[in-house]
Amino acid sequence: MAGGSFSGSKDLLAPKGDISRLLERPYLPEGSANPQLTKCINLYKERFTRQAFDYCTEFLNGPSTEQEKSVALTVLGVIHDEAGRFPLAIERLQKAVLFDPKNVHAYYNLTIAYKHNGQFADARSTAMKAKELAPDDPRIALLAGNLFNEINDPDAAIDAYKRGLSAAPDDPYLTYNLAVSYFKKGELPQAEEQFKLVILKSRGGKLSALSSAYLGNIAYNRGDYGSAEHYFREAATLSPNDAKALYNLSVVLKKNGKMEEALKYLEMAKLAGASDPEIFRSIAESFEQLNQGEQSIDALHKGLKYNPNNLDLLFQLAETYYNRGDLLAAEETYRRIVDSTPGDSFTETALINLGVVLDQMERYGEAVTYLNRVLDINPKNAKAYYNLGLVYKHTGNGVQAIENFRKSAYLDPTDIKPKEALGDYYLENKFYREAIEEYSALFKQKEDYYKVALKLAEAYAGSNQTSSAEKILLQILNQSKNSAELQQAHKKLALLYNKSKDPDLRNRAKDEAYRSAHMDPDDYEGRLVLTKILLDSNSILDREKAIEELTAIVRSEVKPKTASTAYNYLGVAYYKNGEYKKAVRSFQNSIDLDPSNTEAYDNKRAASAALEGSSQREGVF
């Protein structure tokens, strides 16, 4: 299924404090000795754009100097640029430069227009010219630095900001952008120093909030979670409606073990006025990690309110429903994705996941239909064939299951799942030779895949190739580092040795069973294996240990089938002790918990007959 965790630096939403757009306001002179030109400039600055356009155009047609014409053309260029008419803006601003080659404002605004039109080489050239004309102007240094950053020239950007700061050392914008440039280059000590200076220079507001967020990120990534919490609190205090700041604070609070407060800030982040789908996805994932499923779903729905066709949000919503067991809601969401996509790779993924959901709902015919729709779009989709194989397996159609697993494995030889599924089908249906063939090939392909090695050992044991099964299990015990795999190997080795008539091997079976049971006391299947081996030993002492173990199992919260098996074994123990009444009661409990347990029925009949015979003998005396 489509797919998030709450631990590690990946959980933080990365700072995106690029404020160049805020700073790229048009740069115009304060006025002119010519009152008519001053009026042209002021009309624009007072946002009377239409009147400014008409007045500046009229001014150009009247008597004026070339320098004055250059300024009027600059205003017209800015108006065109703001309206998105970039070629016209460039044409007016180029003309402005021709009238006055020293008009630094024309070069500044021409740089912005070039950038907006995607002409970055031209933008760089005009930015350098503006710097040459006004080397001490902080606005121009800032523009040049931002442009160099955007074209991935951080060294030139840093140089531009430093030049600007030499003329305006207290400018917080230059300091902030210098800090961001150091951060992007990975020069974190220098970035940290500059961000702290921004906080001192700006004394609150947006720049302080952004700088605090960066400082929190730096501290978090070096494992200083106390400092990270301090800076993220500052950022959240300065920007109380910033969902990203609130979210990041919740992450570090959770890291510091302050779960209640983490949840509080996460809820605040959800309610804040964000529209970025990435933020809602991260908030939802965090709620999921905190076992707040309803809150997670609510966050995703809120994100979809602002971004109704965002596929990442829709896939995450469907997966959240699926993980919570709400298959109907998952189905509806995947259908929504299918209906809103044009038959592309997203459609394929949604159709496959829809097929998985329908398969789990046992609506097999529909599952087959939707998985075949994937193949209509892409006949080489290996995952579709794999899931078709699973559906056919669940319907009992082994021929189709095998065929689809084989097609999937052929189309994607690197994917081990279809090969493993094929082996599983053979093993479950006791086709041990075929299972051995599939698992052996897979184990050669992936030699550390001990999950398959365990199944291979089971297939060898099923075909009475005891020595091969033992060899594989001992290999797992010697090489695997996974405790669950080791525990399973001990358990399977116990069952293997218990089949032997050799007393030494049967004693080793007991040892292996004890190891398995002690490695994972919550693995009731492993504990049942131990009790089975204890019962098979026919030792009275072992039988009492088995009764003690089985009594503990039936008193635990276990699945009905597990409890049924435990009661069945308990009945066998009582039967061997001659306690027939207890045996009959245990077998009946086994049947009540699992009516399909045929062994319990047979055992109950034998115990009932023994109880009746015992009662008759007692009656004679």
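As an exercise, use a Förster radius of 56 Å and the Cβ-Cβ distance of ILE151 and GLU437 to find the FRET efficiency, rounded to the nearest 0.05. Provide the component values of the computation, followed by the final result.
Working: r = 58 Å, r/R0 = 1.04.
Given R0 = 56 Å and the Cβ-Cβ separation, E is 0.45.
Assuming a ≥ b ≥ c are the square roots of the Cα gyration tensor eigenvalues, decide whether region 119-165 counts as rounded (a/c under 1.5), prolate (otherwise, with a/b larger than b/c) or oblate.
Numbers: a/c = 2.25, a/b = 1.20, b/c = 1.88.
Oblate, since a/c reaches 1.5 and b/c is not below a/b.
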List every residue whose amide H lies under 5 Å from the amide H of SER539, counting only residues 5 or more places away in sequence or on a different chain, with H placed 1.01 Å from N in the peptide plane.
none
Using the Cα centre of the chain as origin and beta-carbon charges of +1 (Lys, Arg) and -1 (Asp, Glu), tell me which of THR175, ALA156, ALA583 is placed farthest towards the positive end of the dipole.
ALA583
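With the contact rule set at Cα under 8 Å and sequence spacing of 6 or more, what percent relative contact order holds for region 522-621?
On the way: 107 pairs, mean separation 20.8, N = 100.
The value is 21 percent.
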Karplus 3J(HN,Hα) series, Hz, for region 90-96 with 6.51 cos²θ - 1.76 cosθ + 1.60 (x for Gly, Pro)
4, 4, 5, 6, 4, 5, 4
Peptides ranked, highest mean first, by Cβ atoms within 10 Å: ranges 405-414, 583-592, 41-50
583-592, 405-414, 41-50
Does region 522-621 come out rounded, prolate or oblate by the C-alpha gyration tensor, with a ≥ b ≥ c the root eigenvalues, rounded set by a/c under 1.5 and, if not, prolate when a/b is larger than b/c and oblate if not?
oblate
Label points 7 Å out from Cα along the Cβ direction at ASN61 and ALA14: separation in nm?
5.3 nm
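Which length gain, in nm to one decimal place, applies between LYS258 and SER125 when the Cα-Cα distance is subtracted from 0.36 nm times their residue separation?
42.6 nm
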With +1 on the Cβ of every Lys and Arg and -1 on the Cβ of every Asp and Glu, the dipole magnitude of the chain about its Cα centre, in debye rounded to the nearest 20, is 480 debye
A correct Karplus calculation of ³J(HN,Hα) over region 482-496, with 6.51 cos²θ - 1.76 cosθ + 1.60, θ = phi - 60°, whole Hz and x for Gly and Pro, returns 8, 4, 5, 5, 5, 5, 5, 5, 4, 5, 5, 5, 4, 5, 5
Can you tell me the length gained on complete extension of the stretch GLN360 to GLU193, counting 0.36 nm per residue apart and subtracting the Cα distance?
54.5 nm
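Per 0.36 nm of contour for each residue apart, how much would the distance between LEU327 and SER500 grow if the chain were fully extended, relative to their Cα-Cα spacing? All intermediate terms of the calculation are to be shown ahead of the outcome.
Values: separation 173, 0.36 × 173 = 62.28 nm, distance 4.69 nm.
Separation in residues times 0.36 nm, less the Cα-Cα distance, equals 57.6 nm.
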Let me know the charge dipole size of region 522-621 about its Cα centre in debye, to the nearest 20, where only the beta-carbon of Lys, Arg (+1) and Asp, Glu (-1) is charged.
280 debye
Cβ-derived FRET efficiency at R0 56 Å, SER614 paired with ASP312, nearest 0.05
0.20
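Would you please name the trypsin sites (Lys or Arg not before Pro) within region 457-534 that are DSSP coil residues with at most 16 other C-beta atoms within 10 Å of their C-beta? Each step should come with its number before you reach the end.
Numbers: sites: LYS471, LYS481, LYS491, LYS492, LYS499, LYS501, ARG506, ARG508, LYS510, ARG515, ARG527, LYS532; in loops: LYS481, LYS499, LYS501.
Qualifying residues, ordered by number: LYS481, LYS499, LYS501.
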For region 600-611, Karplus couplings with θ = phi - 60° (6.51, -1.76, 1.60), whole Hz, Gly/Pro x
5, 4, 4, 5, 5, 4, 5, 5, 4, 5, 5, 5
Please work out the Cα center distance from region 276-298 to region 551-588, rounded to the nearest Å.
45 Å
Looking at the square roots a ≥ b ≥ c of the eigenvalues of the Cα gyration tensor of the chain, which shape do they give, rounded for a/c under 1.5, prolate if a/b is larger than b/c, or oblate?
prolate
Rounded to one decimal in nm, the spacing of the 7 Å Cα→Cβ label points at SER467 and THR38 is 10.8 nm
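FYI, it's all coordinate maths here, none of it is from the lab. Every value quoted in this text rests on a predicted model; they were computed, and no experiment measured them. A quick note on method: Cβ atoms are made from the backbone with ideal geometry, for glycine too, and the neighbour counts reach across all protein chains shown.
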